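Down below is the structure, laid out as structure tokens.
The values are calculated or read from the model by the stated rules, or taken from the named source; none is laboratory data. Given the structure is predicted, the values throughout are model-derived calculations rather than measurements. FYI the Cβ positions are ideal-geometry reconstructions off the backbone, even for glycines, and counts take in every protein chain you see. With ligands, DNA and RNA removed, areas are computed over all heavy atoms of the protein, side chains included. Shrake-Rupley method; radii C 1.70, N 1.55, O 1.52, S 1.80 Å.
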Protein chains: 2
Amino acid sequence: MTITPIGLTDSGASTFGQYDPARVVASLRELASRTGGPEGSRRLCWTPDWLEARAFLRESLTTLPVEVDTDEAGNVWVYLRGASTDTIVVGSHLDSVPKGGWLDGALGVMAGVELLRSLAAEGTPPVTVALVDWADEEGARFGRSLFGSAAVVGSLDAVAAAELVDKEGNHLDQVVGEHGVDLTKIDGARTRLRDVKAYLEVHIEQGPVLEARGLGICTVTGTKGIERERVIFRGQAAHSGTMPMEMRRDSFLAASRFALALADIGRRHDGVTTVGHVQCWPGVVTAVPGETRVAMDMRHISHEALAQMFSEMRQAAADAAIAEGCTVDFEHIFRIPPMPFDPRLLAAARTSVREVEGHDVELPSGALHDASEMAREVPTVMIFSSSIAGLSHTKEEDTPDEHLHMAVDAFNRTVRRAIDLVVAGEL
Amino acid sequence: MTITPIGLTDSGASTFGQYDPARVVASLRELASRTGGPEGSRRLCWTPDWLEARAFLRESLTTLPVEVDTDEAGNVWVYLRGASTDTIVVGSHLDSVPKGGWLDGALGVMAGVELLRSLAAEGTPPVTVALVDWADEEGARFGRSLFGSAAVVGSLDAVAAAELVDKEGNHLDQVVGEHGVDLTKIDGARTRLRDVKAYLEVHIEQGPVLEARGLGICTVTGTKGIERERVIFRGQAAHSGTMPMEMRRDSFLAASRFALALADIGRRHDGVTTVGHVQCWPGVVTAVPGETRVAMDMRHISHEALAQMFSEMRQAAADAAIAEGCTVDFEHIFRIPPMPFDPRLLAAARTSVREVEGHDVELPSGALHDASEMAREVPTVMIFSSSIAGLSHTKEEDTPDEHLHMAVDAFNRTVRRAIDLVVAGEL
């Protein structure tokens, strides 16, 4: 069947004079000037600069017919009530890593403000549209990312979260408590999913693929699943000068073999694999390392491929250990399954991307997003803009203005199509 | 020519009732009980426990006709004056690493006490024999090993040493000042080399080779030269999830390739090579390491082989960097040339080892010793005892009593032969 989105002609030409991509970029620059500086963005969650960003969000909404409130997990919700209680949620996060970029998260929130503005200008929408500013997407302070979105879908372990401590020794439960979040009541945020039919998010790629292909935007097919393990090689610490090579059980050589084999596994399966942290013990140049701990991360968009990669990783670790006379143990760090996005919303996004940039390119997201959590419970899709040099989580993070314009344009078009799908009873 | 050492018959049978290896081991156990405990030895240099060990040394000398004094570098010298001012020096160090072993260094000092006792019992020796307890061989507190012996041979950089600081922020110059050592006057210790014709030291192997070969002792051919460098691989930090494998410049993969190639270099040249410390930046599991620093140590008894290994190491680092799209830089940490021991003293040691354990096995020392410094200026030799499991610098450090007995016996015999060589004008 053919769906004609509200405000789109059959040929796909835009009639939304109201949705102004340049206004999104202008508001992002103002946000950056208020909550960032020469060292990058300072919107670390649960800090005054983050509150300042949220104050800026509220100011941006003052002329709009919306209801704003905060849920039990600290997420801010902005409701533009429609003719139906059926709800489409758009959103992202205002919090950043320390010395972060100006676009990561903020793009999706400010694009959402512009969406609400344009919809409100057209009268009461057929369905309710909500913008959410998720709390602590980055997890930069306590190491628990996707805090607010996980709470809403019920995947946050509040007991484990309560025990998290930041570098200064502050406990997560106390810090969030100062922001009105009571971990024992956080499940109350789950009621926000009632009547929600779809979730849409626009975000920067945070990787180099679009730029390398000469593109500005693309449809995102889902977020990759992640397996994260600590791999511990144990051999025998020994004197660097007195232990002959042939008698050594060198745990770092085992770790080196493992790292190279792991990279091969990533390449062979068209996934990504990384050793990002390494620690040798005793860790001095005069000693053969008796123990080496590496932290390993692997990602794939396919369940089956990720499971196969994980199995090969364990075998590669065992082989590396044996080759150097060592043993190996594994400690679980983190796991999230692949989150493929909704086929109906993917079709809507593809059409929109084709209209805006004239191609059908789509990528899985290698980074997690709040969309990864929402996709557990709600039909979800994302749109990416390019990232210059693939950089993110740094003050150098940037995207050409025209790519930002295209991304929010395609996002707006996809939301309109999602509204039509809900109205048509197809979502 | 044939030399018949004093007190040895032509057949080599011992007639030294006076030299009692069991007394050496008994005194080592008493020292351990006074300056060690369940966690190991506590004789960290420039501390009260170290002073206690030195007090024990002085007590051990009270009945002997010796002169005891301390030089400008904090080394304690015990002189048994002979018929000639020509001097043979024996020695080692009472200081230990924190939680160290009971034998490392102390064996050579207490063997020296027993040597002086046995010589004195025989009357005035033909040459002067001096026992030295070197100050701060381990360098465990300030990172400058061989402090006292380097000062005596003039290879200590007093200006650089003055700037060293321990973990608590104490400056080396202040700490040694409290022990009567003035760094600006430390060159005065060099006069101790006057009239010195030979230096001999008995020490535990601190490695597993003798034990693996079923032996208790051996002649030591010299101390291996060392090259120690920091090797810095630089690629591009990137997101573990969003950077495709084929676009990465992963500095840790370069370091892994380097570590494996370095081990091959060590094996190929019959030397030892070690990566003992590794640090990745940013050092989190969510980031491809943009920079990886490794500390590399390589040792060989041959000048030429060590130079070849060093050259191959630099090429291996360059190759590893190129293979992963990285660059590599080198920072010098430490260098000491191989110190082959004196052929005449080696012949004396071989004869003694053959008499005691019936073989001609000899090994280079992979660890540095005060003998490495003395060998720069004076004909030098060492005798090793085995080390159980090759362990040292830990409370588990140990050696079978019979191997300790054989080691000090062979040491005593070698010193007697050295005395004869000096008397004969051959040293």
Counting only DSSP beta bridges fully inside chain A, the antiparallel percentage to nearest 5 is 70 percent
Check: C-alpha center segment A:361-423 vs C-alpha center segment B:321-345, spacing in Å is 51 Å
At the level of C-alpha centres, the distance separating segment A:266-301 and segment A:192-263, in angstrom, is 9 Å
Using a 1.4 Å probe on heavy atoms of the protein chains only, the accessible area for A:D182 in Å², nearest 10, reads 60 Å²
Copies of A:P343 compared via label points 7 Å along Cα→Cβ give distances in nm, shortest first, of 8.7
Taking a straight Cα-to-Cα line shorter than 27 Å from A:K185, and setting aside same-chain lysines fewer than 8 residues away, one finds A:K167, A:K197
About its Cα centre, chain B carries a charge dipole, from +1 on Lys and Arg Cβ atoms and -1 on Asp and Glu Cβ atoms, whose size in debye to the nearest 20 is 440 debye
Rounded to the nearest 10 Å², the accessible area of A:S392 using a 1.4 Å probe with every protein chain kept is 30 Å²
The farthest towards the positive end of the charge dipole of the protein assembly as shown, of the residues A:I301, B:A238, B:H405, given +1 on Cβ of Lys and Arg and -1 on Cβ of Asp and Glu, is A:I301
Rounded to a whole number, the mean other protein chain Cβ count within 10 angstrom for residues of A:286-296 is 4
Between B:Q174 and B:Q18, the two model label points (7 Å from Cα along the beta-carbon direction) sit apart by a distance in nm of 4.8 nm
In deg cm²/dmol, rounded to the nearest 500, the helical mean residue ellipticity at 222 nm of chain A, built from -39500 (n - 2.57) for every DSSP H run of length 4 or more, is -11000 deg cm²/dmol
Highest GNM mean-square fluctuation among A:N75, A:N170, A:N412, for chain A with Cα springs under 10 Å, belongs to A:N170
With all protein chains present, the protein assembly as shown has a carbon and sulfur share of its accessible area (1.4 Å probe) in percent of 49 percent
Averaged per residue, the 1.4 Å probe accessible area of segment B:225-336, protein heavy atoms only, in Å², is roughly 38 Å²
Excluding residues fewer than 8 positions from A:K395 in its own chain, the aspartates and glutamates with Cα under 20 Å of it are A:E30, A:E39, A:D49, A:E52, A:D95, A:D104, A:D136, A:E137, A:E138, A:E205, A:E211, B:E291
Quick calc of log₁₀ I(q)/I(0), segment B:225-336, Debye, one scatterer on every Cα, no solvent, q values 0.19 1/Å, result -0.87
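Treat the protein assembly as shown as a sphere of radius equal to its Kirkwood radius over Cα pairs and apply Stokes-Einstein at 25 °C in a medium of 0.890 mPa s; give the translational diffusion coefficient in µm²/s, rounded to a whole number.
For these conditions, the coefficient is 79 µm²/s.
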Taking alpha-carbon centroids only, segment B:100-119 lies from segment A:118-170 a number of Å equal to 69 Å
homo-copy label distances at A:A424 (7 angstrom along Cα-Cβ), nm, one dp, ascending, are 10.8
For chain B (alpha-carbon point model, no solvent) the Debye-based log₁₀ I(q)/I(0) at q = 0.10, 0.11 Å⁻¹ works out to -0.72, -0.85
Within the set B:L28, B:L107, B:L404, GNM on chain B using Cα springs under 10 Å gives the largest fluctuation to B:L28
Dividing the mean separation of Cα pairs under 8 Å (6+ apart) by the residue count of segment A:225-336 yields a relative contact order in percent of 46 percent
In Å², rounded to a whole number, the accessible area per residue of segment A:73-184 with probe 1.4 Å is 31 Å²
With +1 on the Cβ of every Lys and Arg and -1 on the Cβ of every Asp and Glu, the dipole magnitude of the protein assembly as shown about its Cα centre, in debye rounded to the nearest 20, is 640 debye
Residues of segment B:396-426 with backbone N under 16 Å of the label point set 7 Å from the Cα of B:A83 along Cα→Cβ are B:416-426
So, relative contact order of chain A in percent, Cα under 8 Å, 6 or more apart, is 21 percent
For the rotation taking chain B to chain A, the chain B residue with the nearest C-beta to the axis, plus the distance in whole Å, reads B:S256, 2
Averaged over the residues of A:278-284, the number of partner chain Cβ atoms within 10 Å of each residue's own Cβ comes to 5
For segment A:238-255 the residues that are at least 20 Å² less accessible with all protein chains than alone, 1.4 Å probe, are A:H239, A:S240, A:G241, A:T242, A:M243, A:P244, A:M245, A:M247, A:R248, A:F252, A:L253
Any residue on another chain or 5+ positions along whose placed amide H is under 5 Å from the amide H of B:T221 is listed here as B:L363, B:S365
Output row A,B: buried area (accessible, probe 1.4 Å, summed both chains) in Å², nearest hundred, equals 4000 Å²
With a Förster distance of 60 angstrom and the Cβ-Cβ distance between B:R58 and A:R58, calculated FRET efficiency to the nearest 0.05 equals 0.15
Extension length gain for B:A389 and B:M247 (0.36 nm per residue less Cα distance), in nm, is 46.5 nm
Largest fluctuation, B:R29, B:R248, B:R42 only, Gaussian network model of chain B with Cα springs under 10 angstrom, belongs to B:R248
Length gained if A:E39 through A:D270 is fully extended, taking 0.36 nm per residue and subtracting the Cα-Cα distance, is 79.7 nm
Shortest first and in nm, the label-point separations between A:A55 and its counterparts in the other identical copies (7 Å out along Cα→Cβ) come to 6.7
Across all Cα atoms of segment B:252-295, Rg and the largest Cα-Cα distance (Dmax), in Å, are 12.3, 39
